1. In region 10-59, what count of residues is obtained for those that are more than 13 Å from ligand 1 (Cβ to nearest atom) and of a type in the set (S, T, N, Q)?
2. For region 1-44, which residues satisfy the criterion of being within 13 Å of ligand 2 (Cβ to nearest atom) and assigned to a loop (DSSP other than H, G, I, E, B)?
3. Select from region 54-92 the residues that are assigned to a helix (DSSP H, G or I) and without any contact (Cβ under 8 Å) to a residue 24 or more places away in the chain and list them in ascending order.
4. Taking the criterion of being surrounded by fewer than 20 Cβ atoms within 10 Å (Cβ to Cβ), in contact with a strand residue (DSSP E or B) (Cβ under 9 Å, 6 or more places away or on another chain) and among the hydroxyl-bearing types (Ser, Thr, Tyr), would at least one residue in region 101-111 satisfy it?
5. I need the full set of residues from region 137-156 which are outside any helix (DSSP H, G or I), farther than 17 Å from Glu118 by Cα and of a type in the set (A, V, I, L, M), in order please.
6. Cβ-Cβ distance below 7 Å, separation of 6 or more or different chains: which pairs start in region 115-127 with a residue that is open to solvent by 60 Å² or more (accessible area, probe 1.4 Å) and end on one that is part of a helix (DSSP H, G or I)?
7. Out of (1) surrounded by 19 or more Cβ atoms within 10 Å (Cβ to Cβ); (2) within 15 Å of the chain's Cα centre (by Cα), the odd one out for Glu68 is which?
Amino acid sequence: RKLVGKVTTGSETFDALMGGGFETQAIVEVYGEFGSGKTQVAHQVAVNVQLPAEEGGLNGSVIIIDTENTFRPERIAQMVEGLPPSGEPEKPREPEEFLRNIHVARAYNSNHQILLAESALDLAEKMKKSGKPARLLIVDSLTAHFRAEYVGRGTLADRQQKLNKHLHTLMRFADLNNAVVLVTNQVMAKPDAFFGDPTKPVGGHIVGHTATFRIYLRKSKGEKRIARLIDSPNLPDGEAVFAVTSAGLMD
Ligand code: ADP
Ligand code: MG
């Protein structure tokens, strides 16, 4: 078993909540309402994982499965500009270089999403030979297509079975590449006719048991966000307050 790696979130309090950052060989699920900052967290980690270890990264590349068309290269550039000063001030960071190390694929439906996750295993295998192996896979959103396509009680078992298999592909990616797998999951502000309890993320207990870390994200005043760690196997439950600013995540 390889040594677990950790990627900084950009916020010291958020990192501390996570035991030093987002762990590799694990699925990290960030769930919360629309606008809570899930996609912001994903963008920031896609930048930070590329940094050298001394700066909280893993010197790795990123694969993103974008299901809601919310990936924004300009936001990545903004976050690169917003990074704390590097240990090598003579080598300025180039947003283009960070963008080159992010491989984005749009998923058009849940079956396509499942296929893309399997292709990500092959792509990562090829990337192992490069200087920047894939150390982060993002699925943003994990559940949106499933939620939209499998409506009605009769389809629930089918949906859970597919989602379960998909999650096992993701876990395999995390293990084979010593990578972080970051998935997002939306919860509804109002009760949902088919999915019941509004405070529970889509996918219910199957996602819950496969995800290694579950983080519930919510909005606070202004730029402030609250991350709550739920049911971690090795860390105490708790909360961290951080900020989402134009320069990215910070304390
Ligand atoms: P979710 O994915 O949970 O639906 P997002 O991650 O898209 O939510 O969060 C959107 C929020 O992030 C915005 O409402 C805003 O508060 C913040 N945000 C997005 N872009 C910027 C930016 N460039 N500067 C500052 N805050 C931003
Ligand atoms: Mg989003």
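1. 7
2. If the condition is that a residue be within 13 Å of ligand 2 (Cβ to nearest atom) and assigned to a loop (DSSP other than H, G, I, E, B), then Glu33, Phe34, Gly35, Ser36, Gly37 are the ones that fit.
3. Glu74, Ala77, listed by residue number.
4. So far as region 101-111 goes, no, none of its residues is surrounded by fewer than 20 Cβ atoms within 10 Å (Cβ to Cβ), in contact with a strand residue (DSSP E or B) (Cβ under 9 Å, 6 or more places away or on another chain) and among the hydroxyl-bearing types (Ser, Thr, Tyr).
5. Within region 137-156, Val151 is the sole residue that qualifies.
6. Taking only residues 6 or more apart or on different chains, the pairs are Glu118/Thr169.
7. (1)
One line per residue, one yes/no per condition, for (1) among the basic types (Lys, Arg); (2) open to solvent by less than 40 Å² (accessible area, probe 1.4 Å); (3) at pLDDT 95 or above:
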position: Arg159; (1), (2), (3): yes, yes, no
position: Asn178; (1), (2), (3): no, yes, yes
position: Lys190; (1), (2), (3): yes, no, no
position: His209; (1), (2), (3): no, no, no
position: Ile215; (1), (2), (3): no, yes, yes
position: Arg218; (1), (2), (3): yes, no, yes
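The values are calculated or read from the model by the stated rules, or taken from the named source; none is laboratory data. Here the structure is a predicted model, which is why all the values come from computation and not from measurement. Cβ coordinates were reconstructed from backbone atoms using ideal geometry, including for glycine residues, and neighbour counts include every protein chain displayed. Just the protein is used for accessible areas: all its heavy atoms, side chains included, with ligands, DNA and RNA removed. Shrake-Rupley method; radii C 1.70, N 1.55, O 1.52, S 1.80 Å.
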